[in-house]
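I have placed the structure first, in the form of structure tokens, so that the comments after it can refer back to it.
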Amino acid sequence: MARKSGHGPSFLRWAGSKRKSLALLGASMRDRSRHYIEPFAGSAALFFDLGPQTGTLGDLNGHLINALQQVRDRPAAVYSALLDIERSPEAYYVIRTRFNEGGRVGLMPAVHFIYLNRNCFNGLWRTNLAGLFNVPFGGYEMGAYPPLALFEHCSNLLARATITHQDFRKTVATAGADSFIYADPPYFTASERVFVEYGERSFGEDDLNDLIRLLADAEERGAEIALTYNAAMPIDALPDHWRSHRFSVTRNVGGFSGARKKQEEILYTNFDFAEGN
């Protein structure tokens, strides 16, 4: 089990994170000897909370994958460089410009990604149609960065995982009989824009249908499946025998501060399990 922290188990913030639902989600991984697979890594909060012995973390966000790799390989250097950057609106927009103009591989792109993640509005990842990160400064209420100890702990866990920049289809296709897949895909509806990772290529209805088909194929190979999605958006293509577990999360609606509300989500699994407390 991962180290508990006031910052949560991950060094990243992430809009749509299930941080406050980790007891339920963690209980769905009944057999910790299984190979953990997460095709939409995001902050990887469940991975860090569970601390599985082996894993695969995939994502199409190359900046995110680079940050995970750099924290895995040199957490102290990432942390030190992060602390060297001023936390202010002026510094934030300078770093955002450098981030958008720079590369996606190496120490400083990872540091800039984490800096923007920890200081932007609501921990959003959002890009314009040109693929440029465009989330504004989040204000001064973000609190302190996670301690070096958390970066080091995340590094130790990431050393057990394969971290790969690829489409979810390739990640799910690796699942075998000894696998546990946790899939938390973006919403594709335009009415939930804050939680859609949109930009050069958004996750759409065809992608969701492909995901369900591939998860069902992985089940045929013996994988255990856990899928979370918005309860207001039923998934018609789900296998009939999959179980559902309803839970609540707090969302920021429309991207505006003060617009928080409880939202129902559903955890779908292809097996029964005892829910966590």
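Worth a mention:
- Tabulated pairs, region 225-245, first closer than 20 Å to Leu46 by Cβ, second in a strand (DSSP E or B) and open to solvent by 80 Å² or more (accessible area, probe 1.4 Å), C-beta under 7 angstrom, 6+ apart or interchain: Ala231/Arg246
- The set of residues in region 27-47 being over 17 Å from Ala67 (Cα atoms) and touching an Asp or Glu at 6+ places or on another chain (Cβ under 6 Å) consists of Ala27, Arg34, His35.
- Per-region count, region 88-121, residues in a loop (DSSP other than H, G, I, E, B) and free of Cβ contacts under 8 Å to residues at least 24 places away in the same chain: 3
- Scanning region 87-111 for residues that are over 18 Å from Val135 (Cβ atoms) and exposed (fewer than 12 other Cβ atoms within 10 Å of the Cβ) yields a single hit, Gly103.
- Listed by first and then second residue, the pairs with beta-carbon distance under 9 Å, at least 6 apart or on different chains, first residue in region 177-192 and more than 14 Å from Phe203 (Cβ to Cβ), second open to solvent by 20 Å² or more (accessible area, probe 1.4 Å) and at pLDDT below 85, form an empty list.
- Selection of strands (runs of 3 or more DSSP E) fully inside region 134-250 by the criterion of at least 1 residues being at pLDDT 95 or above, closer than 25 Å to Phe48 by Cα and open to solvent by 40 Å² or more (accessible area, probe 1.4 Å) returns 161-165.
- Residues that are surrounded by fewer than 23 Cβ atoms within 10 Å (Cβ to Cβ) and over 15 Å from the mean Cα position of the chain (by Cα), drawn from region 53-70: Gln53, Thr54
- Hey, Ala76 open to solvent by 40 Å² or more (accessible area, probe 1.4 Å), more than 30 Å from Ala218 (Cβ to Cβ) and in contact (Cβ under 8 Å) with a residue 12 or more places away in the chain or not: yes
- Qualifying residues in region 122-133 (those that are over 18 Å from Ser88 (Cα atoms) and either of a type in the set (S, T, N, Q) or at pLDDT below 85 (or both)) - the one least open to solvent (accessible area, probe 1.4 Å): Thr127
- Of all residues in region 13-42 being within 25 Å of Leu116 (Cβ to Cβ) and modelled with pLDDT of 95 or more, the one that is most open to solvent (accessible area, probe 1.4 Å): Phe40
The values are calculated or read from the model by the stated rules, or taken from the named source; none is laboratory data. Model, not experiment: these values are computed from the prediction. Cβ atoms come from the backbone with ideal geometry, glycine included; neighbour counts cover every protein chain shown. Ligands, DNA and RNA are excluded from the accessible area calculation, which covers all protein heavy atoms including side chains. Shrake-Rupley method; radii C 1.70, N 1.55, O 1.52, S 1.80 Å.
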